[in-house]
Amino acid sequence: MPNTLMAGKRSQDWANLVLAACLFVSPWVIGFAADSVPTWNAWIAGIVLGALAVATLSAFAEWEEWANMVIGLWLIVSPWLLGFTGNVNAMWTHVILGVLVAAIAAWAVWDFRHHSHA
């Protein structure tokens, strides 16, 4: 069971690393790079999420998953808090990636709390 648990955690961390990269390049790929607020938000959140994913790949810590949850929730609400809901591409990119990040973090915390981590 621990090998399966570790494999699950690693896949969650790799998924977060991929989402961090997607978030970072999204201003160019999705086409909102001209709007500085969502662009900087995507870059900063992407860098933090990526750094946490790399750290968690090295050594798992539950607090990193909770930090990922906060980043995911921030991405979901940031279009309204930072005022870029008018930019539909940027808004939906942040919301969708935020939901994915928060869901992966919830899955990782659930795994950690419901399986043996000896």
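Where a number appears in this text, it was derived from the coordinates with a stated rule and is not lab data. Keep in mind the model is a prediction, meaning the values are calculated, not measured. So basically every Cβ, Gly included, is an ideal-geometry build from the backbone, and we count neighbours across all protein chains shown.
Dipole check for segment 2-114: with +1 at the C-beta of Lys and Arg, -1 at the C-beta of Asp and Glu, and the Cα centre as origin, the magnitude is about 100 Debye.
Just checking the listed ones, 16, 41, 68: in the Gaussian network model of the chain with Cα springs under 10 Å, the one fluctuating most is 41. Modelled spin-label separation between residue 88 and residue 44, with each label point placed 7 Å from Cα along the Cα-to-Cβ direction: 2.8 nm. Listed by number, the DSSP H helices of the chain that run 15 Å or longer by alpha-carbon position along their axis and have mean Kyte hydropathy of at least 1.0 are 36-58, 88-114. Once you treat every alpha carbon in the chain as an equal point and sum by Debye, what is log10 I(q)/I(0) at q = 0.17 Å⁻¹? The Cα Debye sum returns log10 ratios of -0.74. Given their separation in residues at 0.36 nm each and the Cα-Cα distance between them, residue 110 and residue 11 gain 34.2 nm when the chain is fully extended.
Taking the Cβ-Cβ separation of residue 51 and residue 77 as r and a Förster radius of 22 Å, what is the calculated FRET efficiency to the nearest 0.05? Calculated value: 0.55.
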